[in-house]
Each structure stands twice: as structure tokens, then as C-alpha cells.
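Below is one structure; the comments refer to it alone.
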Amino acid sequence: MNQDLLKKVFRAFDPPQVLPPDDPRYVECDRERGTVGLLDGLVDRVRGAAGYTCQLVSGQQGCGKTTELLRFRQDLLQGEPRYFVVYCDAAEYVDLNDAEYPDILLAVVRQVWRDAKAVHIRPVISRLLHVWEDLPRTLDTVPGADKDSSKAGIPGLGFDFKGDPQSRYLAREHLGRRASRFLEAVNEVLTAAAQALRKDYAGLVVIVDSLDRIFRNPLPGTTRTNHDALFVDAAEYLRNLACHVIYTMPQALLYSPSGAKLEALYGSSPHTVSLIPVTTRSGADDEEGRNKLLEAVTKRLYHAGTAVGQVFDSVDTIRQLGRASGGSLRKLMMLTQNALAYADDLPLTACIVEQAIRDARDALVRSVGKTRRWQLLREIAQTKQVAASEDYLELLDSLFVLGYRDADGPWFDVNPLIQEVPWLAR
């Protein structure tokens, strides 16, 4: 077998790789996902607004949110009027297992500072440094804390806010007592950046991605979670930045008891990017959705300099992978890579693909665990709906249940990887 070809194909299915907007491997699947007009709606809301906008985008991991947000960024950068669009991957700055609003605002400031510096702009930061000035004395009580970082300008603000939990806690306490001043200081940076950019751009837009991946943790002594604390309780700070902003958010929050509050808090309904359906709501094969997944694989192979017939024994074998992915492009890439890792030769056969699928199924089944979860999965398989309770939301977060959208609205189904487990039907 040509080992070079195998390595090239393997790299072509790298799951974490996010496709740039003009990449030939991109597959347009708005109609299949029920998101026709989503991109235009996001863009039009920014361009048509009299003031600043704040929009939320939700969706399960692997649905393509980041790819669509990068297309949104390109549209605003290249269309008329042009906007300066900052893409902030919150995971770079924030511990997603412990995130609060000061972390998010500092991430925004640091990314805006970085992008502005790249075009030779240095926003005013006097208020922010003033809010920050007492913090080094607070950090004197923290062994090993970087007490000089606050003197290093925006790049050094907050020491390693992501990697130092104790210092992060003290910084939050410090900023929480100065919440209004802190927001004003952040907005001074954003306003100064927008003014400096005014010659070439109509305004400033910030995309804050990866917040959909924040782990949901209960708040001690309450029936609420950290998702409520961030997106509901701290909405006043997230929505009042002096620029247009888009935040990704956990899909489970949208279906939680707090979900109904989000439109009023942020001024618009959250937008949802659904997975590509592999079956219809009634359980029949969704041929259009499966064809999109086939197209995604075909384009990856073409980009790698090969074709379906060289890598797979049949189109049906690719469809086998597509169904198991549940319509998640990221999962489709992962399953394909896992199948390639088993291969001693090409083309991949249905048996090898089934082995990769079986491994993924076994791992998912082991993590389901509780009998109560299996009961809920049986119920969802019948009703195609979820309820606003912690048990259901946990299933969404864990990807045991996947979300779709059709002409009748959102619907849900058990992950295809575990649909065929015998005790699910009991």
C-alpha cells in the first residue's frame, strides 16, 4: 500500500481543523440544517442596527458553528460597509470549567488589543489600568503569583488568568467590587479602538467563540448552574459592550428553565446551528442530509489528491460512516480517521468502518451509565423532544441526544451510535 497516500488521507480528515470561509472543502448545508438565512440575518442585524447589537449562537459540538462564524466575519470584513471583526477564541484565555464574566471581558479586551496592535493601533487603557492598580497588593498574599504582570499593559493583564485558580478568584473579587467601573474601563478600550479604526471601518464587531463548551456545573445550594450565572445573571455586563458582539452559548441553556429569558436579556432570540439530519423526525432515512455528508467526504478526498474509489470500497461504506456520525461533521471526520488507523491497505471496507463505529459506540455506551438515563433515552426515541430538566440537559451536553431542525421546528433523537443497543428498545 502507498503509505504516503494513507498519511495524506488521514491528515485530510483532521477533526479539529476549522475550514476558512473560501475553502473548497466547505459544504453548504443550510437547508438541511434548517438554518437558511442565518448568516444573512446575523450580518443584516449588525449593518442595520442604530446602536450596538448582542447576539447569541448555540449548537452542539461538531455542528459547524465556528465555520459559520468565520463566514460571518469574512462577510463583514469584505462587504459594504466594512467592519473590523475580532475573533476571540475564549478557550485561549478562559478555563472553560470555571468561567465567569470578568474572565470573558478580559479575554475580549486582550484579543481586541492584539488585533488592533496588528494594524498599528494602541487603544487607550488608562481606566482599565486604574481599576487594576490595587490588584498587585492583593496578589502579595498569593504564593507564586506574577505581581508585575499588571504593569505590562493589556497582554499581561491578570497574570495567567486561565492557569492560576487562586489568583483568578482574587482578581474576580477585586473586579466584582468595581463591576461598573470595570465595564466602563473595558468599553473605553473598545471605543478607542473603534475610533482609531473609523477611517477604514464602519465599526467594531467581536465574536466570542467556545463559550458553548463551558462545562455546566451546579451552583451550591441552588437549583441553578454556572450557565445561569454567566449568561443570565451577568447578562448586563456581556450585552453592554461598546461594540457589536456575538457569543456562542451552550445549547442546553437554550432548553433550560432560563432559556425563555434570553431574548429579553439580549434583545434578540438566540440563533441555533443544528446538526445535519441523517434521519427524518419520523425515522425514515434523510437522503438529502446523508448526501451532504457524502459530499463532505468526497471534497476532503479530492483536496487530498485522491477519490472515493481509491479510499473506500463503495459509496455505501461512506454512508455507513455518515449515519453513525449523527450529522456531526466533526464526528464524521473522527470516525473516518479511526477507520483509516485500522487499515493495512486501501480501500477501506465496510468491516473496517464497522470496527471504528463499534469502538465509538462502546465508549459512548459505557459513559451512559445510569439506568435513569436509559429510561430517558427510550422516551426521547419515541417523542423526539426534551424537557427543561437537568436530566435531559445532561443528555444534550453529553451528546447522548442530538438536536435537529425541520419545517416544524427543533426535534431530538438518540445518538445513532447507541440507537441499536439492545436494551434501548426494552
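Overview of values
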{"quantity": "Those residues of region 21-39 which are surrounded by 12 or more Cβ atoms within 10 Å (Cβ to Cβ) and either within 19 Å of the chain's Cα centre (by Cα) or outside any loop (DSSP other than H, G, I, E, B) (or both), in sequence order", "calculated": "P21, Y26, V27, C29, D30, E32, R33, G34, T35, L38, L39"}
{"quantity": "Unmet requirement for H303, which otherwise passes all of (1) under 26 Å from P416 (Cβ atoms); (2) touching a residue at least 40 places away in the same chain (Cβ under 8 Å); (3) not assigned by TED's automatic domain parsing to the domain that holds Q111", "calculated": "(1)"}
{"quantity": "The one condition in (1) β-branched (V, I, T); (2) surrounded by fewer than 24 Cβ atoms within 10 Å (Cβ to Cβ); (3) under 29 Å from L76 (Cα atoms) that T298 fails to fulfil", "calculated": "(3)"}
{"quantity": "Residue match in region 192-210 (condition: assigned to a helix (DSSP H, G or I) and under 18 Å from the mean Cα position of the chain (by Cα))", "calculated": "no"}
{"quantity": "Region 301-332: number of residues that are crowded, with 19+ Cβ neighbours inside 10 Å and among the aromatic types (F, W, Y)", "calculated": "1"}
{"quantity": "Residues satisfying the stated conditions in region 415-426, i.e. more than 20 Å from G322 (Cβ to Cβ) and either part of a strand (DSSP E or B) or of a type in the set (A, V, I, L, M, F, W, C) (or both)", "calculated": "W423, L424, A425"}
{"quantity": "L42 being closer than 25 Å to V189 by Cβ, aliphatic (A, V, I, L, M), surrounded by 15 or more Cβ atoms within 10 Å (Cβ to Cβ) and not assigned by TED's automatic domain parsing to the domain that holds S325", "calculated": "yes"}
{"quantity": "Residue check, R73 surrounded by fewer than 21 Cβ atoms within 10 Å (Cβ to Cβ), at pLDDT 95 or above, part of a loop (DSSP other than H, G, I, E, B) and not hydroxyl-bearing (S, T, Y)", "calculated": "no"}
{"quantity": "Top-ranked residue in region 365-414 [being among the acidic types (D, E) and in a helix (DSSP H, G or I); ranked as nearest to P257 (Cα to Cα)]", "calculated": "E390"}
{"quantity": "Scope region 225-255; condition outside any helix (DSSP H, G or I), surrounded by 16 or more Cβ atoms within 10 Å (Cβ to Cβ) and more than 18 Å from the chain's Cα centre (by Cα); matching residues", "calculated": "T225, A234, R239, L241, A242, C243, H244"}
{"quantity": "Matching entry among I154, I104 (being among the β-branched types (V, I, T) and modelled with pLDDT of 75 or more)", "calculated": "I104"}
{"quantity": "Of residues in region 391-405 being surrounded by 14 or more Cβ atoms within 10 Å (Cβ to Cβ) and acidic (D, E), the one farthest from G37 (Cα to Cα)", "calculated": "E394"}
{"quantity": "Residue in region 10-19 that is of a type in the set (D, E, K, R), within 19 Å of the chain's Cα centre (by Cα) and not assigned by TED's automatic domain parsing to the domain that holds V206 present", "calculated": "yes"}
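The values are calculated or read from the model by the stated rules, or taken from the named source; none is laboratory data. If you're wondering where the values come from, they're calculated on a predicted model, not measured in any experiment. Quick reminder, even Gly has a Cβ in these numbers, built from the backbone with ideal geometry, and neighbours come from all protein chains shown.
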